[in-house]
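Step one of this worksheet: look at the structure below.
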Amino acid sequence: MKTKVFSLIVLLLTLSLSVSVFAAPFDPETFVYVGGAGGPQTLDPAAAYDTASGEIIHHVYDNLFQYINGELDNMGPMLATEVPTVANGLMSEDGRTIRVPIRQGVKFHDGSVLTVEDVRYSFMRGMLADPAGGPMWMFFEPLLGVQTMRDVIEMAGGSGDFADIKDVDPAILRKAYDLVAATMEVDGNDLIFHLVDPYPPFINILAKGGSWSAIVCQEWMVAHGDWDGNPDTWAKWYDLAVEDMTLYDQANGTGPFKLSTWDKSGAQVLLSRFDEYWQGPASLKSVVIKNIPELATRQLMLRAGDADAIYVGQEDLPQVRSMPDVVVIDGLPQVTNTVLFYSFTIPVEGNEDLVGSGKLDGNGIPSDFFADVNVRKAFNYSFDYEAFLQEVALGAGVTPVGPIPQSLPYVNTEQEYYYNDPAKATEYFKKAFDGELWEKGFEVGIVYNTGNNTRKTALEILEYNVERINPKFKVNVIGLEWATVLDKLRSASLPVFVMGWLMDFPDTHNFAVPFMHSAGTFAGYCGQGLIDLAKEQFDELVEAGIKATDPEEREKIYFELQKRYVDLAVGMPFMEATTHRVMRDWVQGFIYSPAYSAQYDYYTIQKVQK
């Protein structure tokens with residue numbers, strides 16, 4: 001195997017002018033975090049569905065509930081004053097009616113005072129906007145039993161298969177609005193949710209860490225050009241491009257920090273303390289979140305004190321463990337997985353850098369290349385899972401047995417899974433396209449986000465193992481900026497790509513929907529072919545899984561979903577990782593939660609020089 005796959009290489013780069021040669025003066029009021037895998041795509045809670053965007057939203061906005069000390073089994077109130085339960089009378093016996101009393105006297109960053117109408121507007125506006133591939137399914141499903149606003153339009157008597165919402169009858173649009181509006185009502189200072197069925201993780205969806213349930217200010221939103229609350233105008237803001245949404249690059253929340261600047265060209269976000277924060281001002285006055293892909297530069301900044309914390313990939317941790325005055329906290333549990341995804345319907349035109357000729361002629365791949373299950377199985381048997389786990393991830397995690405992490409319930413840990421077997425890979429490659437693939441060969445580009453060397457190395461392992469099976473097979477590992485990756489995902493134009501999925505809420509269902517439902521996030525990223533397969537094989541079971549109240553029934557359903565996903569080789573889950581943090585020893589008050597997109601909760605952080 002190529003040495004580059006298994007060697008940890010330290011690149012000695014010339015010291016950048018942006019990094020101090022000498023130790024920076026200690027500033028107890030400013031925190032600098034330097035990541036390496038990409039910056040935010042949007043700051044709009046209705047659209048953000050990536051961890052880099054969630055990182056910023058986490059600090060600028062608040063949610064109704066929060067995990068006390070980051071613990072998933074310890075829910076407390078935030079902008080709500082109580083956590084609804086049957087015992088305290090705020091939740092009905094059947095779990096379908098949930099009353100949430102809203103905290104009084106909380107200020108937004110512009111000085112406006114939070115009202116219950118703001119809370120309702122936040123959720124209504126998000127559902128009505130429903131950006132494609134976004135997180136709003138988490139409201140549609142418990143409140144209306146569907147996945148998207150298109151489904152609601154069908155409920156209202158229209159067709160969900162429209163090219164432009166302007167083509168939908170206004171009367172249908174009004175009925176669709178009424179259906180959404182009926183799911184939430186204001187009663188005094190309480191917001192009452194009406195669920196279509198019991199939905200145990202609903203409170204988790206509304207908790208801190210979920211950017212989608214951040215609370216915005218209605219008056220400020222309207223003044224800045226967003227939906228005015230009129231039942232007959234909402235379609236104007238439906239499924240806009242993220243950069244056209246009001247909160248794309250501006251913010252007004254109730255959180256402990258205000259957005260000062262988002263310098264997209266400089267890959268830097270500056271946050272400033274909100275002194276009127278309802279829980280009291282943070283210790284830190286300023287937070288700087290940078291993105292620098294070069295590990296050597298990040299290390300130099302940490303050593304010099306120009307950075308208080310940095311991102312370091314698991315395979316590079318040995319390089320920082322011996323640094324003076326640096327703390328490594330590892331073994332932090334996650335509910336996550338990392339997966340190689342296949343697009344079942346790949347656009348060819350304009351995508352030549354990834355698909356080459358667009359034909360099965362040895363110089364590219366056709367649009368339906370990965371729609372052949374034999375190709376997918378061959379790739380899955382080509383990856384060396386054990387080598388990756390031990391030599392790249394350094395044992396920090398486990399190999400998956402399907403798309404649902406084994407830390408969640410209803411996962412069959414005995415499920416037969418893929419392993420590195422060149423003979424089996426060869427067998428399936430020879431079956432693919434009735435033998436034509438083996439004779440002609442192929443060339444394909446597989447993508448990772450630059451700065452994530454762990455993913456790069458994983459793809460290099462796959463590249464090496466596939467190419468050695470047949471000299472006519474060519475795999476090109478290509479790094480793209482995170483923003484570019486996300487743009488290509490939204491247009492479903494990546495043939496093969498690696499992504500991680502961090503839980504939205506701690507329930508098995510949260511992995512079933514994005515990975516296996518036809519309206520799930522990854523079906524949208526992987527083309528019409530996967531959408532069609534999901535409708536045939538997965539949708540009915542996924543929808544039954546969340547409705548089942550008997551644990552034995554849920555287990556049976558999720559075991560079957562897991563088996564089908566593996567048998568069909570829908571994707572290649574290859575890692576369930578623990579995580580870690582690397583920081584200077586003057587960082588105090590670090591709290592970790594598996595629910596957070598944010599690397600650090602800056603509200604709890606202090607800097608104390610030793």
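The values are calculated or read from the model by the stated rules, or taken from the named source; none is laboratory data. All of these numbers come straight from a predicted model, not from anything done at the bench. Virtual Cβ from ideal backbone geometry, glycine too; neighbours counted across all protein chains shown. Heavy atoms of the whole protein, side chains included, go into the accessibility calculation; ligands, DNA and RNA do not. Shrake-Rupley method; radii C 1.70, N 1.55, O 1.52, S 1.80 Å.
From the backbone phi of the stretch 420-434, what are the Karplus-calculated ³J(HN,Hα) couplings (6.51 cos²θ - 1.76 cosθ + 1.60, θ = phi - 60°) in whole Hz, Gly and Pro given as x?
Values per residue, Gly and Pro as x: 6, 9, x, 5, 5, 4, 4, 4, 6, 4, 5, 6, 5, 6, 6 Hz.
If I compute solvent accessible area with a 1.4 Å probe over the protein chains, what percent of it on the chain is carbon and sulfur?
Numbers: 11300 of 23210 Å².
Roughly 49 percent, rounded to a whole number.
If contacts are Cα pairs under 8 angstrom and at least 6 residues apart, what is the relative contact order of the chain in percent? Present the calculation step by step, with values, prior to reporting the outcome.
Working: 1304 pairs, mean separation 123.1, N = 610.
That works out to 20 percent.
Please list, in order along the stretch 100-105, the HN-Hα scalar couplings obtained from phi with the Karplus expression 6.51 cos²θ - 1.76 cosθ + 1.60 (θ = phi - 60°), rounded to whole Hz, x for Gly and Pro.
Here the 3J(HN,Hα) series is 10, x, 9, 5, 9, x Hz.
Among the GluC sites (Glu not before Pro) in the stretch 433-479, which ones are in a DSSP loop with at most 16 other Cβ atoms within 10 Å of the Cβ? Mind listing them? All intermediate terms of the calculation are to be shown ahead of the outcome.
Numbers: sites: E436, E439, E443, E460, E463, E467; in loops: none.
Passing sites in the stretch 433-479 do not exist.
List the residues, sorted by chain then number, that are 5 or more residues from V113 or on another chain and whose placed amide H is less than 5 Å from its amide H.
F108
Given 0.36 nm per residue, what is the gain on full extension from D27 to N69 after removing their alpha carbon distance, in nm? If you can, show how the numbers build up before the last one.
Numbers: separation 42, 0.36 × 42 = 15.12 nm, distance 2.61 nm.
Length gained between D27 and N69: 12.5 nm.
As I understand it, the dipole of the chain uses +1 on the Cβ of Lys and Arg and -1 on the Cβ of Asp and Glu, about the Cα centre. Which of L494, V326, V339 lies farthest toward its positive end?
Projecting each Cα onto the dipole axis, the largest value belongs to V326.
Per residue, how many Å² of accessible area does the chain show with a 1.4 Å probe? Don't skip to the end; give the middle numbers.
On the way: 23210 Å² over 610 residues.
That works out to 38 Å² per residue.
Could you work out the relative contact order of the stretch 77-183? I mean the mean sequence separation of Cα pairs under 8 Å and 6+ apart, divided by the number of residues, in percent. Don't jump to the answer; show the numbers that get you there.
Values: 100 pairs, mean separation 15.8, N = 107.
Relative contact order for the stretch 77-183 comes out at 15 percent.
Indicate, rounded to the nearest 5 percent, the antiparallel portion of the DSSP beta bridges found entirely in the chain. Before the final figure, lay out the partial values.
Details: 49 of 68 bridges.
Once the DSSP bridges in the chain are tallied, antiparallel ones form about 70 percent.
Provide the packing ranking of 339-346, 325-332, i.e. peptides ordered by the mean count of other C-beta atoms within 10 Å per residue, highest first. Don't jump to the answer; show the numbers that get you there.
On the way: 339-346: 23.4, 325-332: 13.9.
Top of the packing list down: 339-346, 325-332.
Roughly how far apart, in whole Å, are the Cα centres of the stretch 292-312 and the stretch 147-190?
The two parts, judged by their Cα centres, are 48 Å apart.
Note down the magnitude of the dipole of the stretch 456-587 about its Cα centre, charges +1 on Lys and Arg C-beta and -1 on Asp and Glu C-beta and zero elsewhere, to the nearest 20 debye.
Working: 14 positive and 20 negative charges, 128 e Å.
Using Cβ point charges on Lys, Arg, Asp and Glu, the stretch 456-587 gives about 620 debye.
With unit charges on the beta carbons (Lys and Arg positive, Asp and Glu negative) and the dipole taken about the Cα centre of the stretch 416-456, which residue among T454, Y418, W438 sits farthest to the positive side?
About the Cα centre, the residue reaching furthest to the positive side is T454.
Is the C-alpha gyration tensor of the stretch 234-299 telling us rounded, prolate or oblate? Criteria: a/c under 1.5 is rounded; beyond that, a/b larger than b/c is prolate, otherwise oblate. Mind dumping the intermediate values first?
Values: a/c = 3.38, a/b = 1.15, b/c = 2.94.
Oblate shape, in that a/c is at least 1.5 and b/c is the bigger or equal ratio.
List residues of the stretch 191-210, by number, whose backbone nitrogen lies under 14 Å from a label position 7 Å along Cα→C-beta of D550.
Under 14 Å, as judged by backbone N against the label point of D550, lies no residue of the stretch 191-210.
Quick one: which residues, 5+ away or cross-chain, put their amide H under 5 Å from the amide H of E481? H built at 1.01 Å from N.
Amide H to amide H, under 5 Å and 5 or more residues apart or across chains, E481 pairs with T450.
In terms of modelled amide H atoms, which long-range or inter-chain residues lie less than 5 Å from the amide H of G397?
T578
On full extension of the chain, what length is gained from Q104 through D244, given 0.36 nm per residue of separation minus the C-alpha to C-alpha distance? Provide the component values of the computation, followed by the final result.
Working: separation 140, 0.36 × 140 = 50.40 nm, distance 3.24 nm.
Extra length from Q104 to D244 when fully extended: 47.2 nm.
Given that just one value was derived from the coordinates, which of [x] 321; [y] 180; [z] 150 is volume of the Cα convex hull per residue in Å³?
Correct label, based on the coordinates given: [z].
Under 23 Å Cα-Cα from K285, which lysines qualify once same-chain neighbours fewer than 8 residues away are excluded?
List returned: K107, K208, K258, K264, K607, K610.
Using the Karplus curve 6.51 cos²θ - 1.76 cosθ + 1.60 with θ = phi - 60°, what ³J(HN,Hα) values do you get for each residue of the stretch 597-602, in whole Hz, with x for Gly and Pro?
6, 5, 5, 9, 8, 5
Give the cross-link partners of K166 among the lysines, using a straight C-alpha distance below 18 Å as the criterion and excluding same-chain residues fewer than 8 apart.
Cα-Cα hits under 18 Å: K175, K236.
Peptides 315-323, 37-45: what's the order by average Cβ count within 10 Å, highest mean first? Walk me through the numbers on the way to the answer.
Numbers: 315-323: 15.6, 37-45: 25.1.
Listed from highest to lowest mean packing, they are 37-45, 315-323.
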